[in-house]
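The values are calculated or read from the model by the stated rules, or taken from the named source; none is laboratory data. In this text, all values refer to a predicted model and were calculated from it rather than measured experimentally. Note that we place each Cβ from the backbone using ideal geometry, even for glycine, and neighbour counts take in every protein chain shown. Keep in mind that these areas ignore ligands, DNA and RNA; they rest on the heavy atoms of the full protein, side chains included. Shrake-Rupley method; radii C 1.70, N 1.55, O 1.52, S 1.80 Å.
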Amino acid sequence: MTQRRPLVAANWKMNGSLASIRPLLKGICSGLQAKCDAEVVICPPYVYLAELTDKLGNSGIISGAQNLSHLESGAFTGEISADMLKDFSCKYVIVGHSERRALYGETDGLVAAKFMRGQDAALVPILCVGEQLAERESGDTEVVIERQLNAVIELAGIKAFNDAVIAYEPVWAIGTGETATPDQAQEVHAFVRLLLARHDDAVADKIRILYGGSVKAANAVEIFNMVDVDGGLIGGAALDADEFLSICHAARGS
Ligand code: 13P
């Protein structure tokens, strides 16, 4: 089995101000121990990417973005291109977050196009998948995950997942304080890996699958201990330096 380096990514969403992110970044950078096994990524609002790049220095922490346009450039008011993100040293970009899907009407097809655009610009997409509460309750979790993944596999091809990360974020666990149990997370993560393995065993074995949804210092260890969980995508708890640092240090290499 491939050794997968854990990854812990902060998704700050639309939170913070210059005044609040400066001490937050300082706390995270100074508290991150060299023995942290995880690759640590921070995805701030776009307008703070320059500040992030400046403050991260040689901390080893990597910049990411929360979204991108599926188009290269042009008259698309308010959009941000993959190349612009590269200008600010972004390595990762989140695509298909459930908030984008639910609140901004992003379809599976658009998410797949964003995934490809990111990769074409040498960004590593963090593809979010996850079911709504009603879908889980009606037993449709796997159907939803399969549909979301297949849209990307069909457009980008299975080999594209060699340079991508998947985040399983059950919508009912995001920002609710309700976390999937470690077993519930493991079950879906194993299913994601199985789906990919139907196309390519090596890709399935190598890809990192993060869990997201109310991860905090108090529950990170038990979730990260699951065999198919390779780290986390962290919302609210990433806005507190001590919480986020504990979560980073909870992610151990296998
Ligand atoms: P919370 O950690 O606040 O539940 O958010 C998870 C998430 O949506 C990360 O992308």
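Worth a mention:
- Leading residue at positive end of dipole, the chain (Cβ point charges), from Leu18, Leu71, Gly231: Leu18
- Between Phe224, Phe191, Phe115, the GNM of the chain built on Cα springs shorter than 10 angstrom shows Phe191 fluctuating the most.
- Accessible carbon and sulfur surface of the chain relative to its total accessible area, %, 1.4 Å: 52 percent
- Amide proton proximity set for Gly232, modelled H, under 5 Å, gap of 5+: Leu7, Val8, Ala9, Tyr211
- Residue-wise HN-Hα couplings along region 14-27, as the Karplus relation 6.51 cos²θ - 1.76 cosθ + 1.60 with θ = phi - 60° gives them from phi, are 9, 10, x, 8, 4, 5, 8, 7, 4, x, 4, 5, 4, x Hz; Gly and Pro carry x.
- Distant-in-sequence amide H partners of Arg208 (H built 1.01 Å from N, under 5 Å): Ile166
- Fluctuation leader among Ile207, Ile223, Ile80 - the chain, Gaussian network, Cα springs under 10 angstrom: Ile80
- The charge dipole of the chain, taken about its Cα centre with unit charges on the Cβ of Lys, Arg, Asp and Glu (plus for the first two, minus for the last two), comes to roughly 720 debye.
- Solvent exposure, largest accessible area first (probe 1.4 Å, DNA, RNA and ligands not counted), of His70, His199: His199, His70
- Charged-residue dipole, Cβ positions (Lys, Arg, Asp, Glu), region 56-191 about Cα centre, Debye nearest 20: 480 debye
- Of the GluC sites (Glu not before Pro) found in region 120-208, those that fall in a DSSP loop while having at most 14 other beta-carbon atoms within 10 Å are Glu178.
- Evaluated with a Cβ-only charge set (Lys, Arg +1; Asp, Glu -1), region 1-100 carries a dipole of roughly 420 debye about its Cα centre, given to the nearest 20.
- Unit charges at the beta carbon, dipole of region 174-254: most positive-side option, Leu194, Phe244, Gly175: Leu194
- Each stretch of four or more DSSP H residues adds -39500 (n - 2.57); spread over every residue of the chain, this sum gives -12500 deg cm²/dmol at 222 nm.
- The chain: relative contact order in percent, alpha carbon pairs under 8 Å with at least 6 residues between: 24 percent
- Per-residue 3J(HN,Hα) values for region 194-201, derived from phi via the Karplus relation 6.51 cos²θ - 1.76 cosθ + 1.60 with θ = phi - 60°, read 5, 4, 5, 5, 4, 9, 6, 4 Hz in sequence order (x marks Gly and Pro).
- Candidates Tyr104, Tyr92, Tyr211: whichever shows maximal mean-square fluctuation once the chain is modelled as a Gaussian network with Cα springs under 10 Å: Tyr104
- Per residue, region 89-193 exposes an accessible area of 39 Å² to a 1.4 Å probe, with every protein chain left in place.
- Over 26 Å between alpha carbons, listed pairs Lys35/Lys159; Lys55/Lys114; Lys55/Lys91; Lys35/Lys216; Lys26/Lys114; Lys55/Lys159: Lys35/Lys159; Lys55/Lys114; Lys26/Lys114; Lys55/Lys159
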